[in-house]
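Each remark here refers to the structure printed beneath this line.
The values are calculated or read from the model by the stated rules, or taken from the named source; none is laboratory data. Predicted, not measured: the structure shown is a model, and the values here were computed from it. Here the Cβ is made from the backbone with ideal geometry for all residues, glycine too, and neighbour counts use every protein chain on show.
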Amino acid sequence: MKSFPMQFCSKCGSTVTLRVPADDTRERYVCDRCKTVHYLNPRNVVGTIPVWGEQVLLCRRAIQPRHGFWTLPAGFMEIGETTMHGAARETLEEAGAVVDVGPLFSLINVPHVEQVHFFYLATLTSPIFSAGEESLEVALFYEHEIPWTELAFPTTKQTLEWFFMDRQAGRLQPNSEIAVRTRAILPSEAI
């Protein structure tokens, strides 16, 4: 395990040691006292591609990382919610927008930061939106207006590129089957 070193057990507070537990094949943090095995797993980032007509809604980030850059509304999934519900919640929190969430569109692995990003197609229920606490501003963009050089993350750029390509090819028609786009982002692609 190369990142997020753990020192103490969250169950009993004793020290932990990085080792391969019995009946496992990977190094895990194991409590020296209560023997609890601590599994560190990827964090899910969930979001939407909110559309109004021919425009896509983007948020300018008010937080780090990438403060001031544009992104699709997205954030970490919470315990007790589905990826779809989390995507709708994040869209409401970051963009003040209510959406009808459609099918999963992209699933992008970002292993160097222990994340998996899920983006759903979504339609704004109205053109009403406002910047949430984590956004400086929110705006609708036609494809030719997208601030490509000011996008916050490779996952946002990749998802938007796939979206516009599929829309132009007619693959995003209502009631059509959507092929989920997937790939991994390499550390060399990180911004």
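Quick look at the values:
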{"quantity": "Filter result (touching a strand residue (DSSP E or B) at 6+ places or on another chain (Cβ under 7 Å) and either surrounded by fewer than 20 Cβ atoms within 10 Å (Cβ to Cβ) or at positive phi (or both)) within region 37-50", "calculated": "37, 38, 39, 42, 43, 44"}
{"quantity": "Some residue of region 112-123 being surrounded by 15 or more Cβ atoms within 10 Å (Cβ to Cβ), of a type in the set (Val, Ile, Thr) and touching a Ser or Thr at 6+ places or on another chain (Cβ under 7 Å)", "calculated": "no"}
{"quantity": "Residues (of a type in the set (A, V, I, L, M), under 21 Å from residue 164 (Cβ atoms) and in contact with a helix residue (DSSP H, G or I) (Cβ under 7 Å, 6 or more places away or on another chain)) located in region 57-86", "calculated": "57, 72, 74"}
{"quantity": "Strands (runs of 3 or more DSSP E) lying entirely in region 1-63 (those with 3 or more residues that are more than 24 Å from the chain's Cα centre (by Cα) and over 22 Å from residue 117 (Cβ atoms))", "calculated": "16-19, 28-31"}
{"quantity": "Selected residue (criterion: surrounded by the fewest Cβ atoms within 10 Å (Cβ to Cβ)) from residues of region 64-76 that are among the small types (Gly, Ala, Ser) and not in a loop (DSSP other than H, G, I, E, B)", "calculated": "75"}
{"quantity": "Only one of 99, 116 that is closer than 26 Å to residue 166 by Cβ and touching a helix residue (DSSP H, G or I) at 6+ places or on another chain (Cβ under 7 Å)", "calculated": "99"}
{"quantity": "Filtered residue count, region 169-185, keeping only those that are among the hydrophobic types (A, V, I, L, M, F, W, C), out of contact with any Pro (no Cβ under 9 Å at 6 or more places or on another chain) and either under 13 Å from residue 105 (Cα atoms) or surrounded by 10 or more Cβ atoms within 10 Å (Cβ to Cβ) (or both)", "calculated": "2"}
{"quantity": "Some residue of region 77-99 being assigned by TED's automatic domain parsing to the domain that holds residue 176, touching a residue at least 60 places away in the same chain (Cβ under 8 Å), buried (at least 16 other Cβ atoms within 10 Å of the Cβ) and under 23 Å from residue 42 (Cβ atoms)", "calculated": "no"}
{"quantity": "Residue check, residue 161 in the same structural domain as residue 94 (by TED's automatic domain parsing) and touching a Phe, Trp or Tyr at 6+ places or on another chain (Cβ under 7 Å)", "calculated": "no"}
